[in-house]
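**Q** Structure below; questions to follow.
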Amino acid sequence: MPRIERSATVTWEGNVARGVGLISAGSGAFEQLPYSLPTRIGQAEGKTSPEELLAAAHGGCLSMSLASELTTAGTPPERLEVKVLVVMDEVPGKGHLVVESQVDISARVPGVEQARFDAAVAAAEAGCSMSALIRATATVSIESRLEAS
């Protein structure tokens, strides 16, 4: 795979408690997504957060990795749904850190047996660059199941 470079621009105005920020993707895929401390630690109120963007990145990476594993095994998926919950918590002596990424995968994959699916999920997680990044300081837990085709 070639080297991949992506960018985002973030602006922040004001102090941390009352300020607001905007996040834009360098690709133009999204622009000026608002975020703030109150909506980061409380109700989202239609705003995003770094943790939500990390959850989206992890889910996107893992779904592509799993689709690749299944396709390479000759059983391409019809549909994958990957839900990710990123958990940030206080770690004694270190402050608030991402401590876990909880992944829930639901897949419709005609012709695949459970054991082959489980092996594909494990290989996909091992090969997902976002999983590797998260595993450097936190845990990744995965629940996965096959749906009837």
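**Q** Could you tell me whether any residue of region 129-145 is surrounded by 16 or more Cβ atoms within 10 Å (Cβ to Cβ), among the acidic types (D, E) and either touching a residue at least 24 places away in the same chain (Cβ under 8 Å) or in contact with a Lys or Arg (Cβ under 7 Å, 6 or more places away or on another chain) (or both)?
**A** No - not one qualifying residue is present in region 129-145.
**Q** Which one of these is within 30 Å of G14 (Cα to Cα), outside the structural domain of A25 (by TED's automatic domain parsing) and of a type outside the set (K, R): A115, A73, A67, A55?
**A** Step by step, each of A115, A73, A67, A55 is checked, and only A55 is within 30 Å of G14 (Cα to Cα), outside the structural domain of A25 (by TED's automatic domain parsing) and of a type outside the set (K, R).
**Q** Of L22, L54, L33, which residue is within 21 Å of A126 (Cβ to Cβ) and hydrophobic (A, V, I, L, M, F, W, C)?
**A** Among L22, L54, L33, only L54 is within 21 Å of A126 (Cβ to Cβ) and hydrophobic (A, V, I, L, M, F, W, C).
**Q** Restricting to region 15-62, give me the number of residues that are closer than 25 Å to V140 by Cα, hydroxyl-bearing (S, T, Y) and out of contact with any strand residue (DSSP E or B) (no Cβ under 8 Å at 6 or more places or on another chain).
**A** Adding up the residues that qualify gives 1.
**Q** Of all the strands (runs of 3 or more DSSP E) wholly in region 1-84, which have at least 2 residues that are without any contact (Cβ under 8 Å) to a residue 12 or more places away in the chain?
**A** It comes to 8-13.
**Q** Looking only at region 61-84, filter to residues that are more than 14 Å from the chain's Cα centre (by Cα) and of a type in the set (V, I, T); which one of those is nearest to R145 (Cα to Cα)?
**A** Selected residue: T75.
**Q** Can you tell me which residues in region 1-45 are more than 21 Å from the chain's Cα centre (by Cα), closer than 29 Å to S129 by Cβ and loosely packed, with under 10 Cβ neighbours inside 10 Å?
**A** Hit for region 1-45 is P2, nothing else.
**Q** Separate question: Is there a residue in region 130-138 that is at pLDDT 95 or above and touching an Asp or Glu at 6+ places or on another chain (Cβ under 7 Å)?
**A** Yes, that holds for at least one residue.
**Q** Name the residues in region 85-124 that are surrounded by 19 or more Cβ atoms within 10 Å (Cβ to Cβ), over 15 Å from the mean Cα position of the chain (by Cα) and either assigned to a strand (DSSP E or B) or at pLDDT below 95 (or both), would you?
**A** If the condition is that a residue be surrounded by 19 or more Cβ atoms within 10 Å (Cβ to Cβ), over 15 Å from the mean Cα position of the chain (by Cα) and either assigned to a strand (DSSP E or B) or at pLDDT below 95 (or both), then A107 is the only one that fits.
**Q** Would you mind stating whether T48 is of a type outside the set (G, A, S) and surrounded by 17 or more Cβ atoms within 10 Å (Cβ to Cβ)?
**A** yes
The values are calculated or read from the model by the stated rules, or taken from the named source; none is laboratory data. The shown structure was predicted, so the numbers you read here are calculated from the model rather than taken from an experiment. All Cβ positions, glycine included, derive from the backbone under ideal geometry; neighbour counts span all protein chains shown.
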